[in-house]
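Reading through the structure tokens given below for one structure.
The values are calculated or read from the model by the stated rules, or taken from the named source; none is laboratory data. All values derive from a computational prediction rather than experimental measurement. Cβ: placed from backbone, ideal geometry, glycine included. Neighbour counts: every protein chain shown. Each accessible area value is taken on the protein alone, full model and side chains, heavy atoms only, with ligands, DNA and RNA left out. Shrake-Rupley method; radii C 1.70, N 1.55, O 1.52, S 1.80 Å.
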Amino acid sequence: MKTDTIAAISTAMTASGIGIVRMSGSEVFTIIDRVYQSKGKKKKLSQVPTHTIHYGYIMDGDEMIDEVLVMVMRAPRSFTSEDTIEINCHGGVYAMKRILETVIKNGARPAEPGEFTKRAFLNGRMDLSQAEAVIDVINAKNEYALKSSVSQLRGSVMQAIKEIREQIIYHIAFIESALDDPEHISLEGYGGELQQVNNKLIGKLEKLIASSEDGKMMKEGIRTVIVGKPNAGKSSLLNVLVGEDRAIVTDIAGTTRDILEETIQIHGISLNIIDTAGIRSTEDVVEKIGVSRAKDYAKDADLIIYVVDSSTELDENDSEIIEMLRSKKAIILLNKTDLQMITSEEMLKERIDKPVIPVSAKENKGIDLLELTLKEMFFHGEISFNDEVYITNIRHKTALADALSSLRQVRESIEMGMPEDFYSIDLMSAYEELGGIIGESVGEDLVNEIFSKFCMGK
Ligand code: GDP
């Protein structure tokens, strides 16, 4: 198939060691032969074997633009499945731009954002969920985000969806054949059989949808609020977690002025700390202890970290905070354990059933336990990417929810003893809704929208 040849700068547009200008399409060899010159001036890249690298120069007519290494990948063994050339040049913004201009002058056209990946999808090199994973890999900000995206890129989501769809289509086909040929295929007792399969499929969809909560937190981080009375050691703990002195710590209550919204990485888990400094930035007593402010944030927060000074007694302010924690995911950090202990772990546990972790911000102790607790709380212990599929994409989640309601409709129809063609209508909807995840029979608009979110050159 003949395609126009697209070109883009695929590396960042800042000065760096190496820059890459990439071309893909039917005319890449015609174009590269016009602009590439080997040292001996004899070699033509249209003649070289695939997956080889060649040293030489990019020429704009007689003018030499840069010294380069050119990588040659012939169709279908490339990212796009088309003939592809990658020109590795010096990573100067001007050099990269000049090379791009030169290949465009010689027949390429500028690629749209995501167009290389779009071609990979349209050429069947990957399904839509894998193509979407490409953006997620690029945007991954922590280890789990990267792992789940790579797993999706390798086809984990596609595989899970395909398996469910295969079962659905089998039953659609069965119902249709039976309705066409009632003499030979009986639907006697079929409802019960389908109900069993359908219930299993419903279970699978529910599990995938449930995974999206973990998936979202893996990808975007856990939205966290730190609360606690003045002087409990919130800023100090934050400093320990962040690993540098970003929050201002003082002995005088109420002096933390800077608004902090930091993302902290704890062994691959991202905690997005929503607010910290605000707790002490006002004269209002309730505001000071952070309760009212934390209440605002708690609505959206995935986690509340409550810092308690173990060298003081619990008072009515603590009681108020404890009440607020009851309905939330919360971890209590019992701080200042290097001092004489007045409030103990047991005393807190009597008041509320939440994990209590003794720590000392001063001596940097107990922080490891926080990591373990987080993993248990949010990711059910260790996160395994071998057998678990995590849904991290909101589009996938929506499609799964639609498919789920179609299958629930099937369940209801069977229970109500409706005719079989009712089952197949809803099974078909579920089949198509799931197909949207992997990019089957999706409209051009959706494809364009998805790929327009990509960065240039990908
Ligand atoms: P915040 O008001 O909750 O943010 O508390 P800060 O982090 O500003 O800490 C208040 C005071 O407690 C400061 O003097 C800290 O040095 C001190 N502090 C914090 N954590 C510890 C700890 O683990 N042990 C001891 N001994 N002092 C601490």
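Things to note:
- Virtual spin-label span in nm between Q196 and S344, 7 Å along Cα→Cβ: 5.7
- Residue-averaged [θ]222 nm for the chain, counting only DSSP H segments that reach four residues, each worth -39500 (n - 2.57): -14500 deg cm²/dmol
- The GluC sites (Glu not before Pro) of the range 173-237 that meet both conditions, a loop assignment by DSSP and at most 11 other Cβ atoms within 10 Å of the site Cβ, are E183, E188.
- By definition, a body whose alpha carbon gyration tensor gives a ≥ b ≥ c is prolate when a/c is 1.5 or more and a/b is larger than b/c, and the range 13-54 fits this prolate description.
- Taking every DSSP beta bridge that has both ends in the range 5-118, the antiparallel portion is near 95%.
- The range 348-450 - accessible surface per residue (Å², probe 1.4 Å): 52
- Counting every alpha-carbon pair across the chain, the share separated by more than 40 Å comes to 45%.
- Taking the range 412-453 and a reference point 7 angstrom along Cα→Cβ of E163, the backbone N atoms nearer than 20 Å belong to 430-440.
- Using θ = phi - 60° in the Karplus curve 6.51 cos²θ - 1.76 cosθ + 1.60, the 3J(HN,Hα) couplings for the range 88-97 round to 8, 10, 5, x, x, 4, 5, 4, 5, 5 Hz; x is entered for Gly and Pro.
- Think of the chain as a dipole: +1 on every Lys or Arg Cβ, -1 on every Asp or Glu Cβ, centred on the Cα centre; then among V35, M13, S212, V35 lies furthest on the positive end.
- Placing +1 on each Lys and Arg Cβ and -1 on each Asp and Glu Cβ, with no other charges, gives the chain a dipole about its Cα centre of roughly 2120 debye.
- Three-way shape call for the range 138-249 based on the alpha-carbon gyration tensor, with the a/c threshold at 1.5: prolate
- Solvent exposure ordering (accessible area, 1.4 Å, most first) of M23, M13: M13, M23
- Pairs of Cα atoms nearer than 8 Å and 6+ residues apart set the relative contact order; for the range 5-118 it is 34 percent.
- Accessible carbon and sulfur surface of the chain relative to its total accessible area, %, 1.4 Å: 51
- Sites matching GluC sites (Glu not before Pro) across the range 299-380 that sit in DSSP coil, with at most 13 neighbouring C-beta atoms within 10 Å: E313, E363
- Pairs from K207/K354; K141/K336; K328/K397; K141/K216; K147/K200 whose Cα-Cα separation, in the structure shown, is over 20 Å: K207/K354; K141/K336; K328/K397; K147/K200
- Within the chain, percent of DSSP bridges classed antiparallel, to nearest 5: 65
- Judged by the mean number of other Cβ atoms found within 10 Å, the most tightly packed of the peptides 43-54, 405-416 leads the ranking 405-416, 43-54.
- Around the amide H of I357, modelled in the peptide plane, lie the amide H atoms of I332, L333, L334, all under 5 Å away and 5 or more residues distant in sequence or on another chain.
- Amide proton proximity set for K43, modelled H, under 5 Å, gap of 5+: S38
- Measuring with a 1.4 angstrom probe and ignoring ligands and nucleic acids, V356 comes out at about 10 Å² accessible.
- Extended-chain gain in nm, criterion 0.36 nm per residue less alpha-carbon gap, S327 and S38: 97.1 nm
- Couplings 3J(HN,Hα) for the range 55-65, derived from phi with the Karplus relation 6.51 cos²θ - 1.76 cosθ + 1.60 (θ = phi - 60°), are 8, x, 10, 9, 10, 10, x, 8, 8, 7, 9 Hz, where x marks Gly and Pro.
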